[in-house]
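Read the structure below first, then the notes.
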Amino acid sequence: MPEAREQVPLPPGLDLLWGRRERGKRGPRAGLSADAIVAAAIGIADAKGLEAVSMERVARKLGFTTMSLYRHVASKEELLQLMWNASALGAEDLVIEGDDWRSRLRTWAIIQRDMMDLHPWITQMPMAAPPVAPNSLHFVERGLATLDESGLDDTDKLRIIGLLSSYTLSEARMANDAARAAAAAQAAGDGPSGPPVPFESLLRELLDEQTYPRLYRIAWTPAAAAVSERDEFLWGIDRILDGVAALIERTSQGRSG
């Protein structure tokens, strides 16, 4: 067991989430709490995006003054920390089923992507460091558990979880950015209604065969236009898992050699 040591000061928000700071007293009327503030902020972000979240707007939604919120949440930055943690609510009790490490880890990655699609504002969150809120770490713990029987060391397991998370966040952010851009253009009357134009359709419109022979061939392959964004995401997950399988095999051979 690690030796006892002095506690490291936690940034605002994390100190509240990890029980290092007392929660604010009740507001001037019953019903105001950090949990209520976070739920209202998430409702605003789900409907209008992260940029729409402000302490003033959250207060107005709850029927309180902006100053009353600061008795429970110290700042907008702290509110974002609490929202991030709340987005992974239930991770502690998550049960990931599957016949082997690969099926379980694939399911774990899909659950992460589904959560980002449910709350697209997650892809707009500042990401200066890996999330260390309690629920986020519970979700990481569930991911690590899928690799218990892989034979890999813990460092490699954590790297794999980080790689899958980075890929999932990147794909979700790209899809969300495209949807937001299309919605903004439509609202401004500058773009067509309906879903964004597929990448392959743009290539067909723009490319000539002589200048871009390989891209031209890909664009006019019938199968290319039939692949959905979801299918592309899963293809990438499967290729990452192929690499993990190769690493497991190589590690196993090294130990038996």
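Using only helices, what value at 222 nm comes out for the chain when you add -39,500 (n - 2.57) per DSSP H run of length 4 or more and divide by the total residues, to the nearest 500 deg cm²/dmol?
-19000 deg cm²/dmol
For a quick check: sort F139, F199 by the number of other beta carbons within 10 angstrom, fewest at the front.
Sorted ascending by nearby Cβ count, the order is F199, F139.
Between L137 and V8, the modelled label-to-label distance comes to 1.0 nm, taking each label 7 Å out from Cα in the direction of the beta carbon.
About its Cα centre, the range 60-201 has a charge dipole of approximately 720 debye under the convention of +1 per Lys or Arg Cβ and -1 per Asp or Glu Cβ, with nothing else charged. In this rough spin-label picture, where each label sits 7 Å from Cα along the Cβ direction, the K76-S228 distance is 3.6 nm.
Using the Cβ of G254 as centre and a radius below 13 Å, the other residues enclosed give a net charge of -1, where K and R count +1 and D and E count -1. Extension gain, E205 to Q253, is 12.3 nm, computed as 0.36 nm per intervening residue step minus the present C-alpha separation.
For a label point 7 angstrom out from the Cα of W18 toward its Cβ, which stretches of the range 138-169 have the backbone nitrogen within less than 17 Å? From the range 138-169, the list is 138-141. Taking a sphere under 13 Å around the Cβ of N85 and counting the other residues whose Cβ falls inside, with K and R at +1 and D and E at -1, yields a net charge of -4.
Using the Cα centre of the chain as origin and beta-carbon charges of +1 (Lys, Arg) and -1 (Asp, Glu), tell me which of G98, F199, P130 is placed farthest towards the positive end of the dipole. Checked the options; the winner is P130.
Counting only pairs 8 or more places apart or on different chains, how many lysine pairs in the chain have C-alpha atoms closer than 25 Å?
Count of close lysine pairs: 5.
Counting charges near Y216 (Lys, Arg +1; Asp, Glu -1) among other residues having Cβ under 10 Å from its Cβ returns a value of +1. Here the extension length gained between A145 and M127 equals 4.0 nm, from 0.36 nm per residue of separation less the Cα-Cα distance.
Matching the structure-derived Kirkwood radius over Cα pairs in Å against the labelled list [x] 17.7; [y] 19.1; [z] 21.5 gives the label [z]. Net charge dipole, the chain: roughly 1040 debye, given to the nearest 20, about the Cα centre with Cβ charges of +1 for Lys and Arg and -1 for Asp and Glu.
Distance between the pseudo-spin-label points of V95 and A187 (7 Å out from Cα toward the beta carbon): 4.2 nm.
Throughout, read-outs are computed from the coordinates displayed, never taken from laboratory work. Just so you know, these numbers come straight off a predicted model, no measurement behind them. Neighbour counts run over all protein chains shown; Cβ positions are idealised from the backbone, glycine included.
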